[in-house]
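*Asks:* Pasting a structure below so you can have a look.
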Amino acid sequence: MRQYFSVMTIAARSTIYKIISLLFLMSALETVLFLRLLRQTAAQPCRLEAMITLSKMPLVCGGAFVILCALLSLAGCERWGSKCGYTLRRLSVGEGTTALLWAFYNSMCFLVFWAVQLLTALLLCRVYVNSLDPAYWNDQTIFMAFYRSDFLHGLLPMAAVSIWLRNGALIAALGAAASSFSMRQRRGERGIAIVVLAVLTLVAFPRQIDSFVSDIITLIIALCTAARLCFDMQWGRFGREPDPGQIEEGGVRHVI
């Protein structure tokens with residue numbers, strides 16, 4: 001267990017403070033934009049779901065998500081990241097197992113990102129309700145906003161099981177793709193899975209209630225991608241020890 005803990009420590013040490021700063025800045029910016037819009041519309045209040053959209057919360061969240069993908073993908077890279085390839089190769093844990101442990105860590109980071117965004121949205125919804133005259137809201141205002149807003153519904157799907165499953169699959173796939181990217185870069189290649197999944201997430205995340213078919217398609221794509229990446233990292237050609245010429249930068253190939 002100690003060697004596994006060492007692997008996770010290396011991953012956390014290279015990203016944890018950057019991620020905390022990113023989450024703080026995201027929440028702070030969303031709060032400032034929302035409160036400014038709330039003051040501007042005090043005389044003529046907007047519906048809560050309109051406030052979410054007009055305050056640019058989905059845009060800020062999307063930008064922070066892209067930055068998080070970049071931080072986690074570049075963490076173990078030799079060219080741009082923490083340059084920890086030599087340290088990782090000296091561990092008693094195989095590189096394939098190391099990549100899987102980093103995939104788990106990355107997925108936990110994406111899960112925390114989702115939780116922080118959800119908490120920020122819920123707190124701002126409560127601020128909105130508390131700032132209005134009781135004539136403009138009722139006990140169902142926040143509940144209905146999470147159904148009417150595509151962004152909020154994707155964030156907290158309520159009874160939409162397909163969206164819960166889709167979100168979980170995307171978190172797992174994104175974590176594996178970020179780990180796979182740095183592993184491939186250390187072997188002189190470029191993985192594009194994290195780019196494909198990031199774009200898929202940005203496009204598919206805002207969801208209406210009647211989105212079952214598209215949710216299932218996204219779920220299947222995410223699960224298949226995660227399974228293939230994990231297989232490649234642990235048992236496929238990337239699970240084997242690299243050739244000496246691959247340890248340093250070599251020929252660049254685009255692979256998923």
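Throughout, read-outs are computed from the coordinates displayed, never taken from laboratory work. Remember, predicted model here, so these are calculated numbers, not experimental data. As a convention, Cβ positions derive from the backbone with ideal geometry for all residues, glycine included, and neighbour counts pool all protein chains shown.
*Asks:* Roughly how many Å is it from the Cα centre of segment 133-180 to that of segment 30-60, as a whole number?
*Replies:* Here the two parts' Cα centres lie 18 Å apart.
*Asks:* Still on this model: With r defined as the distance between the Cβ atoms of ARG148 and ILE220 and R0 fixed at 35 Å, what FRET efficiency is calculated, to the nearest 0.05?
*Replies:* Taking R0 as 35 Å, the efficiency between ARG148 and ILE220 is 0.80.
*Asks:* According to the Cα gyration tensor, what semi-axes, each the square root of 5 times an eigenvalue, does the equivalent ellipsoid of segment 95-186 have, listed from largest to smallest in whole Å? If you can, show how the numbers build up before the last one.
*Replies:* Numbers: eigenvalues 272, 35, 13 Å².
Three semi-axes, in Å: 37, 13, 8.
*Asks:* OK, next. Pop the C-beta distance of ARG190 and LYS18 into the FRET formula with R0 = 22 Å and round what comes out to the nearest 0.05.
*Replies:* FRET efficiency, ARG190 to LYS18: 0.50.
*Asks:* Additional query: Only counting other Cβ atoms within 10 Å, I'd like TYR105, TYR136, TYR128, TYR17 sorted with the fewest neighbours first.
*Replies:* With the fewest neighbours first, TYR105, TYR136, TYR128, TYR17 line up as TYR17, TYR136, TYR105, TYR128.
*Asks:* In addition: If packing is taken as the average number of other Cβ atoms within 10 Å across a peptide's residues, how do 168-180, 110-122 rank, most packed first?
*Replies:* Result, highest mean first: 168-180, 110-122.
*Asks:* Next question. Run the simple label-point estimate for THR41 and ILE67 please: 7 Å along Cα→C-beta, distance reported in nm.
*Replies:* 2.5 nm
*Asks:* Round to the nearest 0.05 the FRET efficiency obtained for THR31 and PHE231 when R0 = 25 Å and r is the Cβ-Cβ distance. Could the numbers behind the result be given before it?
*Replies:* Working: r = 42 Å, r/R0 = 1.68.
My answer for the efficiency is 0.05.
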